[in-house]
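Undergrad: Once you've had a glance at the structure underneath, I'll fire off some questions.
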Amino acid sequence: MRHSRPVLSTPRRTSLGPGRVTSYQNPNSSEQPFSQFYEYRKLPQQLLCSSDNLVRTWRRISLEYAHDDELPSGHTDEVRTPNALVERFLKAYTEPGDKVIDVFAGYGTTLKVADRLDRVPYGLEFEFDRAAHVREEISTPDHVRQGDVLELDPSWFPACDCCFTSPPFMERTDDRNPFRNYSGESTYEDYLDDVETAFARLDSVLAPGGHVVVDVANMKYEGRVTPLAWDVAERLSNVFRFDGETVVTWEGDGSPDEREGRFGYGYDHSYCLVFTKDSD
Ligand SMILES: C[S@@+](CC[C@H](N)C(=O)[O-])C[C@H]1O[C@@H](n2cnc3c(N)ncnc32)[C@H](O)[C@@H]1O
């Protein structure tokens, strides 16, 4: 999830009571199984609490920064989420047949992975050509809609079980509007308002008990730091219950950016923020 110019781009847990996580994982291991999440997902809602047990159990994963395919011809902006990250979370939070939505669909990574895993993909994307591309890539092209997430109407999509998404990113000192693909003007505060509005709109098409996973990074560029991941977490916690975050460290040289830090935003890691829509 990257964007041009100071390359911006775009960005998980609830816990179980003590003793409910079935296997303790070495916190230094990069491969932390998701088995406990399957178990967690099946627990009755009243057994869940908002402690940080799962945060401790699954606080870090490490993946190669890579994409399964090329960008469409003529497109150069590498804004995509690596497929492996989407796959990890969809396997953990959904089952075959579940409806998965991405309201910032981009080039359709979430939809393509969901399709391949026999989930039912739905998506919304602002850019006409990206939406058209995604339609060509999945088995249910009519589930992809071009439009503005800030205007998302509940009639556009059925109730979905999970959202894996990554919003357009903004640096604190930028003045372009990420929600208009960096045309028009915005401030960082207005952008954060739009982020909160976008996820409030998503709430209208998310089933109770559904999960929202947001792929986002903090940014460091020319001495300036934008704590985007934390600001997004804070705003979204006004809409959904924040379950916690997973640190995602990126391996390899797959990042196309020239900025410091292998991931391209001044760091070599990003975050997956996990939220749940409460049932009541
Ligand atoms: C970080 S990218 C998502 C990339 C996606 N995860 C992928 O792997 O291809 C963010 C996307 O949000 C889209 N976007 C920006 N403003 C939007 C809006 N107002 N409504 C819907 N989508 C928007 C951008 O066009 C961009 O494709």
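Undergrad: Residue by residue through segment 169-191, note down the ones that are within 11 Å of the ligand (Cβ to nearest atom) and either of a type in the set (Phe, Trp, Tyr) or part of a strand (DSSP E or B) (or both).
TA: Correct list: PHE169, PHE179, TYR182, TYR191.
Undergrad: A further question follows. Scan VAL225, VAL248 and give me the residue that is more than 24 Å from LEU85 (Cα to Cα) and either under 15 Å from the mean Cα position of the chain (by Cα) or more than 13 Å from the ligand (Cβ to nearest atom) (or both).
TA: So the residue among VAL225, VAL248 that is more than 24 Å from LEU85 (Cα to Cα) and either under 15 Å from the mean Cα position of the chain (by Cα) or more than 13 Å from the ligand (Cβ to nearest atom) (or both) is VAL225.
Undergrad: Could you list, in sequence order, all residues of segment 153-168 that are within 15 Å of TYR93 (Cα to Cα) and either within 12 Å of the ligand (Cβ to nearest atom) or at pLDDT below 95 (or both)?
TA: Our first condition is that a residue be within 15 Å of TYR93 (Cα to Cα); within segment 153-168, this holds for 160-165.
Listed by number, the residues that qualify are CYS163, PHE164, THR165.
Undergrad: What's the number of the condition ASP194 fails, among (1) of a type in the set (D, E, K, R); (2) part of a strand (DSSP E or B); (3) within 11 Å of the ligand (Cβ to nearest atom); (4) open to solvent by 10 Å² or more (accessible area, probe 1.4 Å)?
TA: (2)
Undergrad: For LYS277, state whether it is open to solvent by 10 Å² or more (accessible area, probe 1.4 Å) and either among the β-branched types (Val, Ile, Thr) or modelled with pLDDT of 95 or more (or both). Before the answer, list the steps.
TA: Working: open to solvent by 10 Å² or more (accessible area, probe 1.4 Å): yes; either among the β-branched types (Val, Ile, Thr) or modelled with pLDDT of 95 or more (or both): yes.
In short, yes.
Undergrad: Starting from segment 161-184, keep only residues that are closer than 18 Å to LYS220 by Cα and of a type in the set (Lys, Arg), then list their pairs with residues that are outside any loop (DSSP other than H, G, I, E, B) and open to solvent by less than 40 Å² (accessible area, probe 1.4 Å) whose Cβ atoms are within a distance under 8 Å, requiring at least 6 positions of separation or different chains.
TA: ARG172/TYR188; ARG172/THR226
Undergrad: Same structure again: Can you list residue pairs whose Cβ atoms sit under 6 Å apart, with the first residue in segment 127-145 being small (Gly, Ala, Ser) and the second being in a strand (DSSP E or B)? Count only pairs 6 or more apart in sequence or on different chains.
TA: ALA131/GLU125; ALA131/VAL144; ALA131/GLN146
One line per residue, one yes/no per condition, for (1) part of a loop (DSSP other than H, G, I, E, B); (2) modelled with pLDDT of 95 or more; (3) not basic (Lys, Arg):
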position: HIS67; (1), (2), (3): yes, no, yes
position: GLU87; (1), (2), (3): no, yes, yes
position: PRO96; (1), (2), (3): yes, yes, yes
position: VAL100; (1), (2), (3): no, yes, yes
position: GLY123; (1), (2), (3): no, yes, yes
position: ARG135; (1), (2), (3): no, yes, no
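Undergrad: Might you let me know whether segment 66-77 holds any residue that is out of contact with any helix residue (DSSP H, G or I) (no Cβ under 9 Å at 6 or more places or on another chain), within 15 Å of the ligand (Cβ to nearest atom) and closer than 25 Å to GLU151 by Cβ?
TA: For segment 66-77, residues out of contact with any helix residue (DSSP H, G or I) (no Cβ under 9 Å at 6 or more places or on another chain), within 15 Å of the ligand (Cβ to nearest atom) and closer than 25 Å to GLU151 by Cβ: present.
Undergrad: Now, a different point. When you scan segment 136-152, how many residues do you find that are within 13 Å of the ligand (Cβ to nearest atom) and either open to solvent by 50 Å² or more (accessible area, probe 1.4 Å) or of a type in the set (Ser, Thr, Tyr) (or both)? Spell out the reasoning first.
TA: Applying the first criterion (within 13 Å of the ligand (Cβ to nearest atom)) to segment 136-152 yields 137-138, 144-152.
Checking the rest, the ones that are also either open to solvent by 50 Å² or more (accessible area, probe 1.4 Å) or of a type in the set (Ser, Thr, Tyr) (or both) come to 137, 145-146, 151.
Looking only at that region, the number is 4.
Undergrad: Let me ask something else about it. On the given criteria, is LEU90 open to solvent by less than 30 Å² (accessible area, probe 1.4 Å) and more than 12 Å from the ligand (Cβ to nearest atom)? Let's see the steps before the verdict.
TA: Values: open to solvent by less than 30 Å² (accessible area, probe 1.4 Å): yes; more than 12 Å from the ligand (Cβ to nearest atom): yes.
Yes.
Undergrad: I would also like to ask the following. So which residues in segment 197-211 are touching a helix residue (DSSP H, G or I) at 6+ places or on another chain (Cβ under 6 Å) and surrounded by fewer than 16 Cβ atoms within 10 Å (Cβ to Cβ), if there are any at all?
TA: Selection gives SER204 alone.
The values are calculated or read from the model by the stated rules, or taken from the named source; none is laboratory data. No experiment lies behind these values; they were computed from the predicted model shown. Heads up, the Cβs are rebuilt from the backbone with ideal geometry, glycines too, and the neighbour counts pull from every protein chain shown. Keep in mind that these areas ignore ligands, DNA and RNA; they rest on the heavy atoms of the full protein, side chains included. Shrake-Rupley method; radii C 1.70, N 1.55, O 1.52, S 1.80 Å.
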